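Since the structure comes first, as structure tokens, the remarks are kept for the end.
The values are calculated or read from the model by the stated rules, or taken from the named source; none is laboratory data. Since this is a predicted model, take the numbers as computed values, not measurements. Neighbour counts are summed over all protein chains in view; Cβ atoms, including those assigned to glycine, are modelled from backbone coordinates with ideal geometry.
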Amino acid sequence: MKKGVLLVNLGSPDSPEPKDVKKYLGEFLMDERVIDIPYVARALLVRGIILKTRPKASAAAYKKIWWKEGSPLIVISERLQNKVQKQVDVPVSLAMRYGSMSIHNGIQELVDQGVNDILLFPLYPQFAMATTETITVLAEKLRHDFFPDINIESVPAFYNKPDYIEVLSNSIKSHIEGENPQHLLFSYHGVPERHIRKSDVTNSHCKIDGNCCVTSSKAHEFCYRHQCLEVTRLVAEKLGLKEGTYSTSFQSRLGFDPWLQPYTDRTIERLGKQGIKNMAIVTPAFVSDCLETLEEIAMEGQEIFHEVGGKHFKTVPCLNDDDAFVTLLSQWINHWVTSETVAV
Ligand SMILES: C=CC1=C(C)c2cc3[nH]c(cc4nc(cc5[nH]c(cc1n2)c(C)c5CCC(=O)O)C(CCC(=O)O)=C4C)c(C)c3C=C
Ligand SMILES: [Fe+2]
Ligand SMILES: [Fe+2]
């Protein structure tokens, strides 16, 4: 067997123009694991309502963060791929779940190099059906339909691996050193509460009542909320943060269903109103900086904080192509290459 690795991230539009953003959002939001309602209702909602107005607004937001080399998420993911490739002896390809850099092309690129044993690496520390699961399900379908002779193995969520927590904590520490924030907010991308219940393998554990996620359960292997709360807890422990000086919130909600709470925008506003003048924010659901961190947090979040009297708002960058993160991913990959087991 010849081994190879496929890193997979979310994807971005081809350009920040409304027509490209519309195409991208159409593919993204028509995914049954993202907007998880029956096909006809989903098509009516996405094509009949969301795609009529959102592409223009989202394109304006993308224009504010777009780099001359392209979408930050794509450019950063490519830098990560290139750096990891230098530290491992097997081919490393990169694909996106949505947009032009398809998973099908990514697998084909590896197969063209003789690879028949692929480590599929979703670039998400926490499991969610809208992220990790949609990648693994699509990859398996592609394998079944087009590449029946190859083997694909997936890297599971790595939210609680001690070496990951160490790299994340060190990165946060290095960015807030000297800033002395009164409060450190851990902001994770939100998901509808319904998604948490759907991913509950016990069918009865997740009540989203505040306690289920801190009560030991088999459900936690696939509970996004538990995994986010664990990252906060483990990093806070590692950094020795005092109770009350940090908290968790969820950003980027879409539509009218209840999403995981508390919401980030309201939390920033509340902190400012409570007299916090100096805060920092970290976004550990994202491995690469993207629209949701560079615009929604670093721009909109900062504006909200300043409007309610806040003075200093520090955004901690994602791990991106940080050397320690590159080394960590490379170690996991090298472990898989030599020991035949998924490293994390
Ligand atoms: C980090 C994990 C992510 C989860 C979980 C997630 C769930 C989720 N997202 C939407 C809707 C949108 N997300 C959008 C952008 C976006 N989302 C993630 C990651 C997660 N999403 C990233 C990394 C990005 C940025 C992409 C980029 O190009 O930089 C967008 C598009 C932008 C916009 O119009 O606001 C939408 C829409 C849903 C509905 C969902 C769970 C159900
Ligand atoms: Fe999203
Ligand atoms: Fe839970």
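Miscellaneous remarks
- Selected residue (only one of SER171, SER187, SER102 is in contact with a strand residue (DSSP E or B) (Cβ under 8 Å, 6 or more places away or on another chain) and more than 16 Å from ligand 2 (Cβ to nearest atom)): SER102
- Here the condition is being among the acidic types (Asp, Glu), touching a helix residue (DSSP H, G or I) at 6+ places or on another chain (Cβ under 6 Å) and away from ligand 2 (no atom under 15 Å from the Cβ); of ASP20, ASP14, it holds for ASP14 alone.
- Residue in region 149-160 that is more than 16 Å from ligand 1 (Cβ to nearest atom), touching a residue at least 24 places away in the same chain (Cβ under 8 Å), part of a helix (DSSP H, G or I) and under 20 Å from the mean Cα position of the chain (by Cα) present: no
- Test: GLU243 is outside the structural domain of LEU123 (by TED's automatic domain parsing), surrounded by fewer than 22 Cβ atoms within 10 Å (Cβ to Cβ) and touching a helix residue (DSSP H, G or I) at 6+ places or on another chain (Cβ under 6 Å): no
- Looking at ILE172, ILE196, just one residue is part of a helix (DSSP H, G or I), surrounded by 16 or more Cβ atoms within 10 Å (Cβ to Cβ), away from ligand 1 (no atom under 16 Å from the Cβ) and not small (Gly, Ala, Ser), and that residue is ILE172.
- Filter result for VAL137 (away from ligand 1 (no atom under 16 Å from the Cβ), modelled with pLDDT of 95 or more and either part of a loop (DSSP other than H, G, I, E, B) or over 13 Å from the mean Cα position of the chain (by Cα) (or both)): no
- Looking across region 79-100, the residues that are surrounded by fewer than 22 Cβ atoms within 10 Å (Cβ to Cβ) and either of a type in the set (Phe, Trp, Tyr) or more than 16 Å from LEU119 (Cα to Cα) (or both) come down to ARG79, ASN82, LYS83, LYS86, GLY99, SER100.
- Within region 51-65, being in contact (Cβ under 8 Å) with a residue 60 or more places away in the chain and charged (D, E, K, R) holds for one residue alone: LYS64.
- Only one of the listed residues (THR264, THR283) is among the hydroxyl-bearing types (Ser, Thr, Tyr), modelled with pLDDT of 95 or more, buried (at least 22 other Cβ atoms within 10 Å of the Cβ) and more than 28 Å from LEU7 (Cα to Cα). That residue is THR264.
- Here the helices (runs of 4 or more DSSP H) wholly within region 8-116 that include at least 1 residues being of a type in the set (Ser, Thr, Tyr) are 18-29, 39-45, 51-65, 72-87.
- Among the candidates GLY48, GLY11, GLY4, the residue that is of a type outside the set (A, V, I, L, M, F, W, C), away from ligand 3 (no atom under 16 Å from the Cβ) and without any contact (Cβ under 8 Å) to a residue 60 or more places away in the chain is uniquely GLY48.
- THR215 meets the conditions (1) assigned by TED's automatic domain parsing to the domain that holds GLN261; (2) within 15 Å of ligand 3 (Cβ to nearest atom); (3) out of contact with any Pro (no Cβ under 9 Å at 6 or more places or on another chain); (4) at pLDDT 95 or above in every case but one. The failed one is (4).
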